[in-house]
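The next block holds one structure in the form of structure tokens; read it before the comments.
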Amino acid sequence: MSTVSLGMPSLPPPPIATRRQTRQLNVGGVLVGGGAPVSVQSMTTTLTSDVNATLQQIAELTASGCQIVRVAVPSADDAEALPIIARKSQIPVIADIHFQPKYVFAAIEAGCAAVRVNPGNIKKFDDKVGEIARAAKNAGTPIRIGVNAGSLDPRLLAKYGKATAEALVESALWECSLFEEHDFRDIKISVKHHDPVVMIRAYRLLSEQCDYPLHLGVTEAGPQFQGTIKSSVAFGALLAEGIGDTIRVSLSAPPVEEVKVGNAILESLGLKERGLEIVSCPSCGRAQVDVYKLAEEVTAGLDGLPVPLRVAVMGCVVNGPGEAREADLGVASGNGKGQIFVKGQVVKTVPEAQIVETLIEEALRLADEMGADIPEELRELVKPVVEVH
């Protein structure tokens, strides 16, 4: 069969926004701010004192694309576990400190890549800033000043009446000024709120008043669906304005899910090289094939493919050919058959029953051409999907 060349776009899309210029920190080898790529963080849910369980979860997070991980340190047992965890983790470990300033020093001594402090709930924190600044500066340990709506300094709650955007920003900048008095500026800031509207306003205000790198987060975002929506809306608004240097999606879900959402947000904005992306039709009366089923089967068959491929699974002749042409690989379906596109060219037409098989085979062929190291277990997982058809 002869092929039809429809051409491919020659230039990548322009960046969504000029990045806000910030100071740059080195967090255990991951650069944050100063034009570095936006990094994705998460937090372990294990007891930090359970070293094996914590390292296992860190390994799972690393495999899912997490670049920086935070561990909670509410007790002496957790603090004692930090040296082993910091040494054996494959990615930088940040110690999360609340209430007890002594654990800040323990985390620095343990070799953690950074320390997160919450000034609003650490006892007599302002009095300890000089000592913390000296210890952190001597060790080269960055500090994240993490202000949360739910634990705002009582003095600011009294002043503003509630955790407004202005209150969050004032708290963060006040604590930064205390560190600056001791010539310590290896700081990044977060001003988190559960309401995306307040959160967005807080980060906009903060970005106008300092050049510290910013850690984006919607705190207590909620269950997976709700939290994903809140985080996507808030992060999208800010990142589209060039605001934000590292992100953590907070979900009432396993932390690996946070990482998946975080990476997907960055990929959708062009701030991270995309991985496998499935483009498929929405619900539509024009569809002449079962697009839902096709998309699910192609997604399942290609799960874990370690290459950046956009695969279009389209169900009608209205938008199908155009979307399939724009993708690396695609199908425009109709009348019981599908036109298979590879890099903008129609390479074959196959019966509907062979669409999934053909797309998977072509995807693996493209991955091989790209020099991808495709695990044998992935090929084996793909076989049953292909054999069904």
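With a 1.4 Å probe and every protein chain kept in, tell me what percent of the accessible surface of segment 162-253 is carbon plus sulfur. Provide the component values of the computation, followed by the final result.
Details: 1780 of 3300 Å².
The nonpolar share, carbon plus sulfur, comes to 54 percent.
Can you tell me the length gained on complete extension of the stretch Ala158 to Thr18, counting 0.36 nm per residue apart and subtracting the Cα distance? Numbers along the way, then the final one.
Numbers: separation 140, 0.36 × 140 = 50.40 nm, distance 3.76 nm.
Gain on extension, Ala158 to Thr18, equals 46.6 nm.
Taking Cβ atoms as reference points and 13 Å as the exclusive limit, the residues near Leu61 contribute a net charge of 0, counting Lys and Arg as +1 and Asp and Glu as -1.
With a cut-off of 12 Å on the backbone N, no residue of segment 247-273 is near the modelled label site 7 Å out from Ile229 along Cα-Cβ. Over segment 170-328, the alpha carbon radius of gyration divided by the compact-protein estimate 2.2 N^0.38 Å works out to 1.32. Would you mind checking Lys88/Lys188; Lys137/Lys260; Lys124/Lys272; Lys88/Lys343; Lys128/Lys272; Lys88/Lys192 for any pair whose Cα atoms are more than 32 angstrom apart? In this structure, Lys137/Lys260; Lys124/Lys272; Lys88/Lys343; Lys128/Lys272 lie more than 32 Å apart at Cα.
Round to the nearest 0.05 the FRET efficiency obtained for Glu220 and Ile374 when R0 = 30 Å and r is the Cβ-Cβ distance.
On the way: r = 40 Å, r/R0 = 1.33.
The computed FRET efficiency comes out at 0.15.
Nearest 5 is fine: what % of DSSP beta bridges in segment 208-360 come out antiparallel, could you say? Don't jump to the answer; show the numbers that get you there.
Working: 12 of 23 bridges.
Approximately 50 percent, going by the DSSP bridge assignments.
In the chain, the sites counted are trypsin sites (Lys or Arg not before Pro) in DSSP loop states with at most 12 other Cβ atoms within 10 Å, and the longest stretch holding none of them, exclusive of the sites, is 163-285.
Using DSSP loop states and a limit of at most 11 other Cβ atoms within 10 Å to flag GluC sites (Glu not before Pro), what is the longest stretch of the chain containing no flagged site?
Values: sites that count: Glu181, Glu273.
Counting at most 11 other Cβ atoms within 10 Å as exposed, the longest clean stretch of the chain is 1-180.
Could you tell me the relative contact order of the chain? Use alpha-carbon pairs under 8 Å, at least six residues apart, and round to a whole percent. Numbers along the way, then the final one.
Numbers: 793 pairs, mean separation 56.3, N = 389.
That works out to 14 percent.
Would you please state which residues of segment 90-125 a label at Ala53 would reach in this model, taking the label point 7 Å out along Cα→Cβ and a backbone N cut-off of under 18 Å? Residues 96 fall inside that zone. Residue separation of Arg365 and Glu326 scaled by 0.36 nm, minus their Cα-Cα distance, works out to 12.2 nm of gained length. Model label sites at Glu296 and Ala63, defined 7 Å from Cα along the beta-carbon direction, differ in position by 2.5 nm.
Take the Cβ atoms of Ile84 and Lys348, set R0 to 56 Å, and the FRET efficiency comes out at 0.50.
So how much slack lies between Arg134 and Ser252, counting 0.36 nm per residue of separation and subtracting their Cα-Cα distance, in nm? Walk me through the numbers before you get to the answer.
Values: separation 118, 0.36 × 118 = 42.48 nm, distance 3.65 nm.
The span from Arg134 to Ser252 would gain 38.8 nm if fully extended.
For P(r) over Cα pairs in 20 Å bins from 0, in percent, the listed values are (1) 26, 48, 23, 3; (2) 27, 58, 15, 0; (3) 23, 45, 23, 8, 1; which was obtained by calculation from the structure presented? Calculated P(r) over Cα pairs in 20 Å bins from 0, in percent: the matching label is (1).
The values are calculated or read from the model by the stated rules, or taken from the named source; none is laboratory data. The model shown is predicted, which means the values in this text are computed figures rather than measured ones. Neighbour counts are summed over all protein chains in view; Cβ atoms, including those assigned to glycine, are modelled from backbone coordinates with ideal geometry. Accessible surface is based on the protein model in full, side chains and every heavy atom, while ligands, DNA and RNA are left aside. Shrake-Rupley method; radii C 1.70, N 1.55, O 1.52, S 1.80 Å.
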